Amino acid sequence: MGSAAEFFQHLMNGLTLGGIYALIALGYTMVYGILKFINFAHGDILMVGSYIGLFVYNAIRGQILGFWTIIAFFLSMLVGMVFSAVLGIAIERIAYKPLRKATRLAPLLSAIGVSFILSNLAAWMWGTKSKKLEYPFNNAPLHIGGVAITPHQILILVVVIVMMVALKLFIDRSRMGKAMRATSLDQDTAKLMGVKVDRIIALTFAIGSALAATAGFLIALEIKVYPSMGTMTGLKAFVAAVVGGIGNISGAMVGGILLGLIETFGVALIGIPYGLRDTIAFAVLIIILLVKPEGLLGKAEKEKV
């Protein structure tokens with residue numbers, strides 16, 4: 001029973017971590033699907049959204065844990081999501097849109113520049129010392145069959161599932177979702193069919209940035225908020241997007257969950273030192289690029305000559 005309980009404990013931890021990676025990876029994969037470039041400022045948008053949510057939460061929450069602190073937490077998360085969505089749109093308009101006709105390297109370098117600007121601005125405005133986000137509830141673990149599950153983990157899984165299902169339904173069934181898929185396939189043809197491509201690109205950045213802010217706010221309960229909080233998490237979420245098949249929505253979800261499980265079981269069962277945990281993601285990236293460069297659910301693209 002002990003070994004079974006240990007397995008399910010690691011499974012729960014892996015699913016929780018993987019859900020966070022998946023939420024962030026969705027932003028990478030949506031932008032790549034439409035513009036064919038990697039938004040390396042994505043992790044820093046996550047960081048900014050977390051800071052905004054933290055400030056709002058500290059301003060409106062009470063001192064006593066209860067119903068209002070939970071409501072305040074979700075309201076603060078929503079404010080962080082909206083701010084990040086607006087920030088994502090602004091970054092696209094200022095730093096990426098003028099470079100759409102340029103070589104693929106130009107927007108990539110611009111994204112790296114935006115990343116440094118955001119992280120340094122955050123350090124200048126809010127300091128480099130990490131800020132704690134207080135739990136809105138009692139996070140004492142629940143013990144079920146020898147498996148310790150915290151309310152924080154349950155919150156992450158519930159929010160991740162709701163967000164993923166909502167996004168999938170939006171992409172597959174809504175009019176705007178169909179326009180996004182059309183734009184991803186061929187922007188010029190989509191324009192001829194009446195799709196407002198600029199509006200769709202802005203919507204893509206808004207949704208991806210909001211999802212990243214959600215993930216950042218959820219993990220901030222455990223890792224605190226600081227200017228570089230989105231750097232490594234963002235890179236590993238990018239790995240998850242590549243593993244699943246970058247440009248594929250379902251692939252980002254699968255890649256994120258899979259990477260979280262591999263990372264957790266790699267440390268717990270294989271015996272990889274905890275200090276080397278971050279290297280697991282990049283080892284997986286190298287293996288995927290060598291074996292199946294299009295990703296698990298991606299399709300190999302043929303270059304036109």
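Laid out as a table, the results:
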| read-out | value |
| --- | --- |
| Any pair with Cβ under 7 angstrom, 6 or more apart, that starts in segment 183-211 at a residue that is within 17 Å of Phe37 (Cβ to Cβ) and ends at one that is crowded, with 20+ Cβ neighbours inside 10 Å and among the hydroxyl-bearing types (Ser, Thr, Tyr) | Val197/Thr183; Ile200/Thr183; Ser209/Ser84 |
| Complete set of residues in segment 108-140 that are surrounded by 14 or more Cβ atoms within 10 Å (Cβ to Cβ) and basic (Lys, Arg) | Lys131 |
| Lone qualifier among Gly43, Gly113, Gly88, Gly49 - being closer than 17 Å to Glu134 by Cα and assigned to a helix (DSSP H, G or I) | Gly49 |
| Residues (touching a residue at least 12 places away in the same chain (Cβ under 8 Å) and either among the small types (Gly, Ala, Ser) or assigned to a loop (DSSP other than H, G, I, E, B) (or both)) located in segment 258-303 | Gly260, Gly266, Ala268, Leu269, Ala281, Glu294, Gly295, Leu296, Leu297, Gly298, Lys299 |
| Test: residue in segment 76-85 that is of a type in the set (Ser, Thr, Tyr), in contact (Cβ under 8 Å) with a residue 60 or more places away in the chain and outside any helix (DSSP H, G or I) | no |
| Qualifying position, being among the hydrophobic types (A, V, I, L, M, F, W, C), within 21 Å of the chain's Cα centre (by Cα), modelled with pLDDT of 90 or more and over 20 Å from Tyr28 (Cα atoms), among Ile262, Ile257 | Ile262 |
| Selection count where residues are of a type in the set (A, V, I, L, M) and closer than 28 Å to Ser50 by Cβ, scope segment 172-217 | 13 |
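For (1) in contact (Cβ under 8 Å) with a residue 40 or more places away in the chain; (2) in contact with a Cys (Cβ under 7 Å, 6 or more places away or on another chain); (3) small (Gly, Ala, Ser); (4) within 20 Å of Ile223 (Cβ to Cβ), each residue gets a yes or a no:
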residue	(1), (2), (3), (4)
Met12	yes, no, no, yes
Tyr32	yes, no, no, no
Ser50	yes, no, yes, yes
Phe73	yes, no, no, yes
Ala90	no, no, yes, no
Pro98	no, no, no, no
Lys101	no, no, no, no
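One line per residue, one yes/no per condition, for (1) more than 30 Å from Leu105 (Cα to Cα); (2) at pLDDT 95 or above; (3) crowded, with 19+ Cβ neighbours inside 10 Å:
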position: Ala4; (1), (2), (3): yes, no, no
position: His10; (1), (2), (3): yes, no, no
position: Val31; (1), (2), (3): no, no, yes
position: Ile34; (1), (2), (3): no, no, yes
position: Asn58; (1), (2), (3): yes, no, no
position: Ile64; (1), (2), (3): yes, no, no
position: Leu75; (1), (2), (3): yes, yes, no
position: Ala85; (1), (2), (3): no, yes, yes
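The values are calculated or read from the model by the stated rules, or taken from the named source; none is laboratory data. Keep in mind the model is a prediction, meaning the values are calculated, not measured. Glycine gets a Cβ as well: all are built from the backbone with ideal geometry, and neighbour counts include every protein chain shown.
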